[in-house]
Amino acid sequence: MMIDNVKKASVLVVEDNQLDMLVIKVLLEKHFSLYIVSSGEEALVAAAEFEFDLVLLDINLGDHLMDGIKVMQLLREGKKTKDLKIYAVTAYAENIDYYLESGFNNVLTKPVIKEEIFDILQQSVAKGHKYSETSFGAEGTN
C-alpha cells in the first residue's frame with residue numbers, strides 16, 4: 001500500500017460566474033489545493049494572506065472598477081505577489097496576445113478543457129516544486 005503525502009500545489013481561483021467556478025472546482029479539486037473567490041478585492045486579500053503557487057484569474061469579473069487585468073497589475077505591484085504565476089481565464093481567445101503583453105504568464109480560454117488545464121498547470125507548478133505525477137491525476141479523457 002502506497003501513501004501519497006506529496007503536497008498539492010495551491011491555486012487561487014478568481015471567478016465570479018458560479019457555473020464556471022463549479023466547472024473549475026470539479027476539474028481541479030482532487031489534484032490541487034483550491035482557494036476560490038469571486039471578486040478582485042477578495043483575491044487581493046487572499047494573496048496577501050496566503051501563499052499560492054498559481055492564480056487562475058477571470059478577466060471579466062463583473063466589476064467595472066476591478067477587472068482581471070487590474071487585479072493582475074495590483075498583484076504585480078505587491079512585494080509578496082510580484083512574481084506569482086498568474087493565468088488569465090477568458091472567453092475572448094482573440095485577445096490572448098494582449099493579455100500576455102499586459103503581464104499574464106499564460107492564458108486559458110473558456111470553456112476550460114480538462115486536458116489543457118492539467119497540462120498547463122502541471123508544467124507550471126512542476127518547474128518550481130517537486131510533485132508526484134499522481135498529484136496531478138492523469139485521468140484520461142472524458
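Odds and ends about this structure:
- Among the residues listed as I113, I96, I117, the single one being crowded, with 17+ Cβ neighbours inside 10 Å and at pLDDT below 95: I117
- Test: residue in the stretch 25-46 that is under 12 Å from the mean Cα position of the chain (by Cα) and among the polar types (S, T, N, Q): yes
- Restricting the stretch 66-93 to residues that are aliphatic (A, V, I, L, M) and closer than 15 Å to P111 by Cα, the residue that is surrounded by the fewest Cβ atoms within 10 Å (Cβ to Cβ): A93
- Condition check for L75: hydrophobic (A, V, I, L, M, F, W, C), touching a strand residue (DSSP E or B) at 6+ places or on another chain (Cβ under 9 Å) and touching a residue at least 40 places away in the same chain (Cβ under 8 Å): no
The values are calculated or read from the model by the stated rules, or taken from the named source; none is laboratory data. Every value quoted in this text rests on a predicted model; they were computed, and no experiment measured them. Backbone-built Cβ (ideal geometry, glycine too); neighbour counts: all protein chains shown.
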